[in-house]
Each structure stands twice: as C-alpha cells, then as structure tokens.
2 protein chains.
Amino acid sequence: MLTQESPKTQTINWKPIIKKFVAVLGEKGVVQRKEELLTYECDGLTSYKQCPPVAVLPRTTEQVSEIVKICNQFSVPFIARGSGTGLSGGALPAENSVLIVTSLMRQILKIDLENQRAVVQPGVINSWVTQAVSGAGFYFAPDPSSQIICSIGGNIAENSGGVHCLKYGVTTNHVLGLKIVLPSGAIVDIGGQIPETPGYDLTGVFVGSEGTLGIATEITLKILKTAESICVLLADFTSVDAAAATVSDIISAGIIPGGMEMMDNISINAVEDVVATNCYPRDAAAILLVEIDGLEVEVSANKQRVKEICQKNGARNVTSASDPETRLKLWKGRKAAFAAAGHISPDYYVQDGVIPRTQLPYVLQEIERLSNQYGYPIANVFHAGDGNLHPLILFDNSIHGELEKVEELGGEILRLCVRVGGSISGEHGIGADKKCYMPDMFSEADLETMQWVRKVFNPQGLANPGKIFPTPRTCGEAAKVSIQKFPDLERF
Amino acid sequence: MLTQESPKTQTINWKPIIKKFVAVLGEKGVVQRKEELLTYECDGLTSYKQCPPVAVLPRTTEQVSEIVKICNQFSVPFIARGSGTGLSGGALPAENSVLIVTSLMRQILKIDLENQRAVVQPGVINSWVTQAVSGAGFYFAPDPSSQIICSIGGNIAENSGGVHCLKYGVTTNHVLGLKIVLPSGAIVDIGGQIPETPGYDLTGVFVGSEGTLGIATEITLKILKTAESICVLLADFTSVDAAAATVSDIISAGIIPGGMEMMDNISINAVEDVVATNCYPRDAAAILLVEIDGLEVEVSANKQRVKEICQKNGARNVTSASDPETRLKLWKGRKAAFAAAGHISPDYYVQDGVIPRTQLPYVLQEIERLSNQYGYPIANVFHAGDGNLHPLILFDNSIHGELEKVEELGGEILRLCVRVGGSISGEHGIGADKKCYMPDMFSEADLETMQWVRKVFNPQGLANPGKIFPTPRTCGEAAKVSIQKFPDLERF
C-alpha cells in the first residue's frame, strides 16, 4: 500500500514569508497573534487540535493565488478553511502550515434566476444562498445541519449532504463550475455555466477532495425552484425494525421524499428533555420524519400513500403538517438532536457511515449489539432514506481511556458499514479522522489511483497534507498531522 | 497551449504481439483479416476512417487486463470500442493501434431490485438494461437515440444523454461504480455500490473520458422505478421564437418534464415525407414534444399547466396522449428525424452544442442567419429543455469542397454556443471530431489541468491517443489520428 513518509519537523523562518503575505493582504489580512490563532486550532472535530503559526484572510481569487505562490516559494503547506464546522478534521492545521481562511470572501457575485444559477465566493454561508433567491421562489438544495454557519467552500471541500439530499443529491450535484487556485498558484476554470461540459469532469473530482487539489474561489451553483407544496409526516413505531422496513417500502413504492429521517428512543428522549418539542412520543422505539414536496396534488397523493405504508408496517400514529409553523415544529427536535445528545451525556462521538437501505434493520441490530458489548449507549438519528447513519456514542471523556474505547467502537461500526456494501463516510468527509479506515474500503490499487490524482494536482503535497489518505500511523494519532511529502510513486 | 507532438509512424512487427493475443483469447478472439477489420474502420462519424491492423474480442476483465499489458509491453496504443455508434469519432482507430472490442462482454452480471442497481459488462446494449428490469417496474434512464444498439461501455465513454436526461440526468448521474482496467493493465474499482463514496470521485472523472483513462469492464448502474403515469403533449407554433419562449416558461414554472424536444419546419417535413406520422403539422414553424411523468395526479396537473403555457405563447394546437400506442406514435417522428434528414438530402452533418436555455431564441435566429450566409439548409431537431442543440446541415458530399465549407459552418455554430455561455458538446463527446474547438472553450491552463489527469492515468499515452485534446493540426484533419506521445509537461 502507498503510504506517506513520516515527516521531519522543520524549523521554518516565518519572517520573510509573513512579510510577503503582508505585502499582498496588508497587516489586517495576516493573523499572527497566538490568542487570535487559537480560533483556528481545530474544526468541528474538536478532539484534534493544532494551532497554525499563521493565518491569512484573502478577499479575491488573485490574492489566494499570490498566497499559494508564496507558500510554494518557501515550500510551506497551506490549508483552506471556511467556517470550521467540518466534522472530520478536514480543516485541521498541520504543523508549520499556513491557514488560508475564506471568511472575508463572502460576496454573492451573480444571481441568474432565468438560468437557475448563482455565482458565489467560497466564504458565503450556505443559508445565504437560499436567502438571496427565496423571494423569487428559488432555493439552494444542499442543507447540512450547520447550514446557518457553514460555508459553501467547506461544502465543496467535503461534498456536504443534508436532509434534502435524499431527493436532490449532495453538493456535487449542485455545482456547475468552479474557478480554482491550483496548489501551484495557477488559476483555472473547471466545469462551466451549464451542466455536462466536455473534457474530463474535473468539477466532479474537485468537489469532495477536501482541499487537497486546490482552493475554490468562485463557485457556480445550481438553484432550484421552491416546491408548490410541502408536507411533513411524523410516524411513530414500537420497533426499530418496523421503522426501517417502512423506509425501504416507501422508496420501493417509487416515492422519493424530500427527506426521510429516523430517530431512535434514546434520541427522542434526549430531544424531548432538552428542547421539549412535545411532538415526539417518548415511548416510541423509533420515529420517522418524512417530508414530501412537489405540486399540491402530488403531495396530497403521496402523503396518503406514505401514511398507508407506515400503517401497514404497524405505525401507532401518523400525523402530518403542511403549514410552515407546524412543519418547523416537527423538524425542530431532529435539528437539535446532536446538541441534545451533548446535554444528556458529558461527551458524544458522532459517526458517519452509509449502508444500502435494505441493510438498515440488520445494521441497527448490530449497532445495538456493539453498544451492549462495549457498554456505551448509542443514540441513532440519521438520514434513513439515504442509508446515511449517524450513531452518537455517549461517553465521558474525562475518564481516562474512554475515548480510545469509543473510537474503537466507532471503527467497528464503520467496518460493519463496509461489510454490508456501504461506506465509511456519508457526508462528513474523511479528513484527518477517518483516513485510517480507507484501506477497509479501498484496495491498494484503488488508493494508489486516487494518490496519482492528488500527486498530479498537488505534486509537492503542499495542499492540505495528511488528510484523506492513510499513513502508517494507527488511528487516533491523526492530531499529529504534519508536513508530509509524497512518496515517490512507482510510476513517476 | 499544450500540444501533442506530431507522431512518427513506426513500423510495428505485429507477429509476436498477435501471438500473445491469441494465447489469451484463442484464434477466434483475435480479428486479423482485412475484410473483417473493415467493420471497425470508423464509428458513427463516418467521415473519418482508419482500419485497425488488429482487433481483439475479450470476454472478461482479466482478459482485457492481459491484452492491455501486452500493448504496454510492445508500446502499441489501444482503443476500446463498444457498438461503434458514437458520433464524434471517439472509437476511431489510430494507425498501428489495437482495437479492443467489447461486443462479447454482454452479460448482465447482477440485478438488485431492492437497492435499485444492476451490474453489467460494457458490451451490454443500453436498452437491454431496461428490458431486464421492466417486468418488475424499473428502467434505466439514459436513452440515447441509438439505445437499441449502443453499448453501456460506449455510453460511459461518451457520457451519453438522451430525451429523458432533462429530468433524470445524463449517464454520469446513473453510474455508481466501475471496475476498470487502467492503461497500465492494472484492475481497480472506483466508486461503489452506493452513491457518494469517499475519496476522490474517480467515477465522475472516468465517465465521459472517452477511453483515454482506461476501459470499464464492470459497471454498476442505478435503475429507477417506472413512473405511474406518462403523458406526451404535442404543441405546434407558427414561430420558432414562440416555441423557444415556451420551453423557458415551462422550466421557469418549476415543471421539469421527462423530456422536452423541439423540431423545426424542415425537420417536420423531412419526417412526414419519410415516416408519415401524420401527427406533425407541415405548416408549423416548430413543434414541441413534452413528456410528463410521475403520479397520475401530478401528470394530470402538470399537463394542464403545460397546455396553458403553450397556449399563452400562441400555440395553435396542443394535443396529448397517455396511452402507450399514441405516445409512441407522437415520438416516432422525433426518433426518426436524423434518418429522415438522410432521405431528403444526399448527406447531412450533425452538430451537437449546448446553450443556456434562455439563449434559445437568439441562437436559433443566428443559426438561420448562418444557414443563409453559407447557403446550406439547416434542420433543427433537439433536446430543447436542456438547451442541447442538434442542427443538421444538409449538403451533398459528392460535390468537391462542400464538406470543408459545411465543417466551417459547423464550427461557427459551435463558437456561437460558446459565446453565449454554452458548450461545444452536449452528449456526443469530443473524440477526434471536435478537439480543435477545445481552445474556444477552455484556456491553456484549463486544458493543461485536464492533460495532467490524462497523463497520470495514461502516462505512455497508449489509451485512445489523439482524442479530446487539440493537436497543432487544423480541424478536418482528425482522420489522420495516429500514435501520439505525450509532450513533456512542464511540471513533470
């Protein structure tokens, strides 16, 4: 298997580098004070931390290009960061690396309603895109839970998903073209203003590449027409199996809901304890939230069909809401589920795996078995329609040695996902956190093929080193991400 | 700009190479007789011809891998070919190259209805996939006009489209994973059995790479549930502008038809002359065919809305059909349009460009102006909903010098598409035919970035040389495709 060499920590003289950064961005565009830099020591994966020696705040494509060229000149790695909400440590700084923060690149550059697209800078917040076009009856479909804070650039890096990606696809399905700064500093345009441009689909390979192939500085997004009608159904079940079977049956009936989410008993009670929706029955083994959108006639017909499928599978109650307020109320608990887990347990560890939908009952049983075996409660709250699991392992990190055991349990769950034909990541990316599981999913030749692509875009390995690809280290050591050089690939 | 060096034709001693091919495939798997090889001298782009010195017919992934390894050993290029229906010369042999024909790789390996996927070999015919699953109420969405003869492998190579790609997306949206033989002969798996696997999206970059990155030997396809109800509307207009405006208005209303096709007066009359549908009014300036699918209630509501939009834009008549027979009759003329053009003119040259939908009226006017300027009638029959034009330039190839003028006219149309923010290819690929237009659409840096990817997968340049990327030659000389070595890219 291809591995990355263990780095030797170098002593870098930052003075001339920072002087050049200041010449491009001014004093205010270069963050050097330790207390300010601490903001950037981790992303949403807070268990891994590394304070960067310097962070820069460019405003334009040209400035990003200049910064990257300076990094090349001095052979220092650079890591792009949006809002820092990622959950796999994709924006985790490396030792002796420059953090390129896009939070001043927040302009919506163009909105073209007729052709249903918007051009934005990478620091634009996900929900701003919808806000900018909703008045005219449009929206941007990918909606990660963090959408009121996460950036479009970060969404591109991690190929983010969300509740509505079941019907409308994840981020990559909503990106038409990109202006990118390559790891060399060159500026290129990939994709275009229309879907399916000729030549290689570099937009496809760039989206989800977690900053290892360059930095997107202008992003052309698809925007969609808002549905005429939306309805949310809440169905409660006395068994997890029945809820899982319902998910399969709904899709098998040819209905693709806008979203279809499942919460188990632990999640339901956590949510009711913390945000008191008073909608979710505390004694249910599982609930399903099914959102249906489309024409009014279509929603009304599908609502009836979904209701019947739920009842056929033994749902105790099926309620529905079409008015925005009640819909919001039904969703409120789901949206607060992660936060609620943080209230009922000192710590939680969220996993992100995908399985074929038909394996839901088996995999949920196996997770319960693992939960008992390891002795940690696991709350399940997830995108059931996509088979995208989010088990939350509840534990107390202040007890020495617990984190390691929990990470081991998390690893078991991921391997279970792979075993049934699924994947080690649904929407959170691989980042620093999961690279050690890549060999569970991909063969040496598969990983080597990906490494070629990385190598060709990023020959010096300066763009986001130590992410995605496994190193010889064991899992849990990812916090020690550092400057890594590419190995000499056999074919080069 | 990056260019490929002019090749020097080498004299290759085929005897030891063929001996090795026979050892892998047996005598019957290796085609050497000139009269049999003539079958393979061109694909659907019949103006370019080159007879290959040898063709091989593998049956398994391992055999493809062995053949490719032998090609590497002797440094001879190889070109994969499915059914040979491609329209851009993607499967055009190069001088001294081996043609790897997939027509014995025709097994449907697995059908998994529950998870809505099928695994097929590359030689499987497009329509066979739907045939294999239609009894259970499923279908494979991408439907090129050639679907009863074109192969899935060819669809992958060219990222083929079709009438139903407006709503459901082109081939790349329906491929989950691939087993591929790399240009080195190594076998790797990319993508997977579920959408959105982690790591780089190599499936995305492979689909549409026209055989330059390797050969797909096992393809995991998504299959979709057949809609409950389907309805086709035929609307006729006294002006092309009104028909074009209707297309925009339908999409703006948030309706995504299954397909939306336009035919102009020349096409209508050609079709009625040849296949006599007796459905298309000969005096119409343009007709629209709009297919709506979904739940019965949804189809019924959308049918009404589409009808109203057509009438608002001055449609003279709007008829509709829901029963399979009449629907087929309405589609019959559209499907026969290319063939009909071949009946009313000694020759035709089909172009394939894409424009933003809102530019339809302007671009169609410009095409008419160019038609008058050059003095060739142009029939327009195309995927209007996608803005994917197919102007058919009618001419007589037996008149010396006509082809060159027609190609010049075709080039003008493509440049027009690029000028309004569109693309030089919608669904036919670049192949040998259009590589000279790539610089009209992409900058040097953009093309260089694509070349890197090619280089990294295909370092010796043996996989389908002379395709996609521009050479220093002028357009129209593509027939002289030959062995080409990669230039030394600056960064290597």
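Remarks
- Flag if A:Pro465 is modelled with pLDDT of 90 or more, more than 10 Å from every other protein chain (Cβ to nearest Cβ) and surrounded by fewer than 22 Cβ atoms within 10 Å (Cβ to Cβ): no
- Checking A:Ala445 against (1) facing chain B (nearest Cβ under 9 Å); (2) within 30 Å of A:Gln147 (Cβ to Cβ); (3) surrounded by fewer than 22 Cβ atoms within 10 Å (Cβ to Cβ), the condition it does not meet: (2)
- Residue match in segment B:373-388 (condition: surrounded by fewer than 24 Cβ atoms within 10 Å (Cβ to Cβ), in a helix (DSSP H, G or I) and at pLDDT 95 or above): yes
- Contacts under 7 angstrom Cβ, first residue in segment B:254-265 being modelled with pLDDT under 95, partner polar (S, T, N, Q) and surrounded by 22 or more Cβ atoms within 10 Å (Cβ to Cβ), 6 or more apart: B:Ile255/B:Asn302
- Residue match in segment A:271-285 (condition: over 23 Å from B:Glu114 (Cα atoms), surrounded by fewer than 17 Cβ atoms within 10 Å (Cβ to Cβ), modelled with pLDDT of 95 or more and of a type in the set (Asp, Glu)): yes
- Test result for A:His390, without any contact (Cβ under 8 Å) to a residue 40 or more places away in the chain and either away from chain B (no Cβ under 14 Å) or in contact with a Ser or Thr (Cβ under 6 Å, 6 or more places away or on another chain) (or both): no
- Among (1) part of a loop (DSSP other than H, G, I, E, B); (2) within 28 Å of A:Val64 (Cα to Cα); (3) modelled with pLDDT under 90, the one test that A:Gly431 misses: (3)
- Annotation: of all residues in segment B:399-427 being part of a loop (DSSP other than H, G, I, E, B) and touching a strand residue (DSSP E or B) at 6+ places or on another chain (Cβ under 8 Å), the one that is nearest to the other protein chains (Cβ to nearest Cβ) is B:Ser425.
- Among the residues of segment B:61-83, the one identified as closer than 13 Å to B:Ser184 by Cα and either among the basic types (Lys, Arg) or at pLDDT below 95 (or both) is B:Lys69.
- Where B:Leu328 falls short, out of the listed (1) more than 14 Å from every other protein chain (Cβ to nearest Cβ); (2) surrounded by fewer than 16 Cβ atoms within 10 Å (Cβ to Cβ); (3) over 27 Å from the mean Cα position of the chain (by Cα); (4) part of a helix (DSSP H, G or I): (3)
- Hits in segment B:164-185 - residues which are more than 20 Å from B:Leu57 (Cα to Cα), at the interface with another protein chain (Cβ under 8 Å from one of its Cβ atoms) and touching a helix residue (DSSP H, G or I) at 6+ places or on another chain (Cβ under 7 Å): B:Thr172
Yes/no matrix, rows are residues, columns are (1) at pLDDT 90 or above; (2) of a type outside the set (S, T, N, Q):
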position: A:Ser160; (1), (2): yes, no
position: A:Tyr168; (1), (2): yes, yes
position: A:Asn173; (1), (2): yes, no
position: A:Gly199; (1), (2): no, yes
position: A:Thr203; (1), (2): yes, no
position: A:Lys222; (1), (2): yes, yes
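- Scan of segment A:244-263 for residues that are over 21 Å from B:Tyr168 (Cα atoms) and crowded, with 24+ Cβ neighbours inside 10 Å, ordered by number: A:Ala244, A:Thr246, A:Val247, A:Glu261, A:Met262, A:Met263
- Note on segment A:331-372: residues that are assigned to a loop (DSSP other than H, G, I, E, B) and crowded, with 24+ Cβ neighbours inside 10 Å total 3.
- Selection of segment A:255-269 for residues being of a type outside the set (Asp, Glu) and within 23 Å of the chain's Cα centre (by Cα) yields A:Ile256, A:Pro257, A:Gly258, A:Gly259, A:Met260, A:Met262, A:Met263, A:Ser267.
- Residues in segment B:131-149 that are without any contact (Cβ under 8 Å) to a residue 40 or more places away in the chain and within 14 Å of B:Ile108 (Cα to Cα): B:Gln131, B:Ala132.
- Selection of segment B:310-336 for residues being over 16 Å from B:Gly259 (Cα atoms) and among the small types (Gly, Ala, Ser) yields B:Gly314, B:Ala315, B:Ala336.
- Qualifying residue in segment B:13-27 (condition: of a type outside the set (D, E, K, R), in contact with a Ser or Thr (Cβ under 7 Å, 6 or more places away or on another chain) and touching a residue at least 24 places away in the same chain (Cβ under 8 Å)): no
- Of the residues making up segment B:295-318, those that are in a loop (DSSP other than H, G, I, E, B) and of a type outside the set (D, E, K, R) are B:Leu295, B:Asn313, B:Gly314, B:Ala315.
- Annotation note: of A:Asp201, A:Asp189, the sole residue that is of a type in the set (D, E, K, R) and under 20 Å from A:Lys455 (Cβ atoms) is A:Asp201.
- Entirely in segment B:186-294, the helices (runs of 4 or more DSSP H) that have 1 or more residues that are more than 25 Å from B:His428 (Cα to Cα) and facing another protein chain (nearest Cβ under 8 Å): B:240-252
- Only one of the numbered conditions (1) over 27 Å from the mean Cα position of the chain (by Cα); (2) crowded, with 24+ Cβ neighbours inside 10 Å; (3) more than 30 Å from A:Glu228 (Cα to Cα) is not met by B:Glu210, and that is (1).
- Under the condition of being out of contact with any Pro (no Cβ under 7 Å at 6 or more places or on another chain) and in a helix (DSSP H, G or I), the residues counted in segment B:434-446 number 6.
The values are calculated or read from the model by the stated rules, or taken from the named source; none is laboratory data. None of the values given here were measured: they were computed from a predicted structure. Note that each Cβ is placed from the backbone with ideal geometry, even for glycine, and that neighbours are counted across all protein chains shown.
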